[in-house]
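Presented below is the structure to which this report refers.
The values are calculated or read from the model by the stated rules, or taken from the named source; none is laboratory data. Values in this document were obtained by computation on a predicted structure and should not be read as measured data. These accessible areas exclude ligands, DNA and RNA; they are computed on the full protein's heavy atoms, side chains included. Shrake-Rupley method; radii C 1.70, N 1.55, O 1.52, S 1.80 Å.
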Amino acid sequence: MKKIFLTLTLVFGAFIGNVYSQDFTLAAQKSVHSVVYIQCLYHQQTSYYDDFFNNDFFSQFFSFDPFGMFNQRQPQQRMRTYQTSGSGVIVSADGYIVTNNHVVADADSITVTLNDRREYSAKIIGTDANNDLAVIKIDVSNLDAIEYGNSDEVQVGQWVLAVGNPFNLTSTVTAGIVSAKARNINILSSKGGGEKLTSFIQTDAAMNPGNSGGALVNTKGELIGVNAAIASNTGSYAGYSFAIPVNIAKKVVNDIIQYGSTQQASAGIVTREIDSKFQNEKKLKDNHGVYVQNVVKNAAGDKAGIKEGDIIKKIDNKEVNTGSEVSEIMTQLSPNEVIEFEIERNGQILVKSVKLDDQKHTEDLATKQLGKEIEVLGAKIREITDKEKQDYQLSRGLVINKIGKGVLASQGLKDGFVITAIDTNPNITLKDANELNSRKGQVVIEGFYPNTGRSYYLVLVL
């Protein structure tokens, strides 16, 4: 009995020792020289009023000024300069660097500092706001480019390192595990006009402001994600961080370098997840796969024979059960690629080959088919007219023509409400509103009632 106990103790002790003696030095050494410190400079003009002689000297003696001689202050322009910082990852030896769009967007000048403290000016090659990625370049060669990993192979529970420059502390490495995949955190706006990224790698590796754009690497030192956000109520690390999967980042980087922008593919299919309530409502045998809510007529999926009511089991031979998983797969693909959709229809498994369209082409088809008024969450909605654009001083907007039973009515909205933004995106169309019918999770609606002067900020849970 003692021998058995001793053997178990030794085995258990060896297991624990192996977990806690995980050596990250190789991964750190391989990746730290590929992560750079990015400083961005912004120049902003602000208005101010310049008092006579820049003080109130005369007003002290002239309390009564019938002609307004001393109070006719003219607005002056003053240049305000401020600086932000973040991280980036060298992806080629000749100076191409990937970072977050929010790190470098609209910067007047960008300075990149390498791990060996050399500094270079950088220029923006291209950006992708929907995926929060950007590519910048410095004129230097023989750099330590990072080695790409494969984010599809990342497993929940595996060790990872976050490399970046939090709080201006350059070359900082922290460790943690992957705590979730295909996480939808709903943080990106869709101002770029395409589908926003909804699939992130979640990790508990400590990150703070300045880590944005840095590297998430595996224990081999391979890049598996570009760090993008933290979950926090204070702005500092509070337990969870999020990274853009490297397979998406790699595709975006290659597109930007080759074409100057991201080539977005679309199958013209709107899906929704299958929860228990929906499964019972549709009398489905299980909740595996994603349900086809809508197919854009004459788009790629329609031409391939995919129909409303089909259940997609696999895309490109990868199982899908959530909208985030669908988003991650589709974001890695390009227009004109032919991929296979495995679907279930009436209990039968079918395989459909789909030649993907360009996202813009699909959007144009969808817009034509929507017409002038659509039903969204139980309400009839239309786009604002040209006269309303002038009256409300808006370039885009939607109007609730008739409220009906549904989520919008439950929030107290009434006929005539003008929607000015969805999830902080002001460039909204009927297509954006129509997508709410298949959305899951939290959605923010902003708007107002004409002639009231009061704005509303509503949080919907779909």
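Remark on V444: its backbone amide H falls under 5 Å from those of D423, L460, a criterion applied only to residues 5 or more positions apart or on other chains, H modelled at 1.01 Å from N. Rounded to the nearest 10 square angstrom, T127 shows an accessible area of 60 square angstrom against a 1.4 Å probe. Computed 3J(HN,Hα) for the range 118-126, one whole-Hz value per residue from the Karplus formula 6.51 cos²θ - 1.76 cosθ + 1.60 where θ = phi - 60°, is 6, 10, 9, 7, 10, 10, 7, 8, x, glycine and proline marked x. Here the Karplus relation 6.51 cos²θ - 1.76 cosθ + 1.60, evaluated at θ = phi - 60°, turns the backbone of the range 127-134 into coupling constants of 9, 9, 5, 5, 9, 6, 10, 8 Hz, with x for every Gly and Pro. Summarising the amide proton neighbourhood of A379: residues at separation of 5 or more, or on other chains, whose placed amide H is nearer than 5 Å comprise G404. Using 0.36 nm per residue and subtracting the Cα-Cα separation, the extra length available between K282 and N298 on full extension is 3.2 nm. If the cut-off is a Cα-Cα distance under 16 Å, which lysines reach K282, setting aside same-chain residues fewer than 8 apart in sequence? Within the straight-line limit of under 16 Å, K282 reaches these lysines: K307.
Ordering K352, K251 by how much accessible area each has at a 1.4 Å probe, largest first, what is the list? Walk me through the numbers on the way to the answer.
On the way: K352 45, K251 20 Å².
Order by accessible area, largest first: K352, K251.
Residue pairs exceeding 23 angstrom between C-alpha atoms, taken from K314/K405; K352/K380; K318/K431; K30/K137; K405/K431: K314/K405; K352/K380; K318/K431.
Note that the range 427-439 has calculated 3J(HN,Hα) couplings of 8, 8, 10, 4, 4, 4, 5, 4, 5, 5, 5, 10, 7 Hz, one per residue in order, obtained from phi through the Karplus relation 6.51 cos²θ - 1.76 cosθ + 1.60 (θ = phi - 60°); glycine and proline are x.
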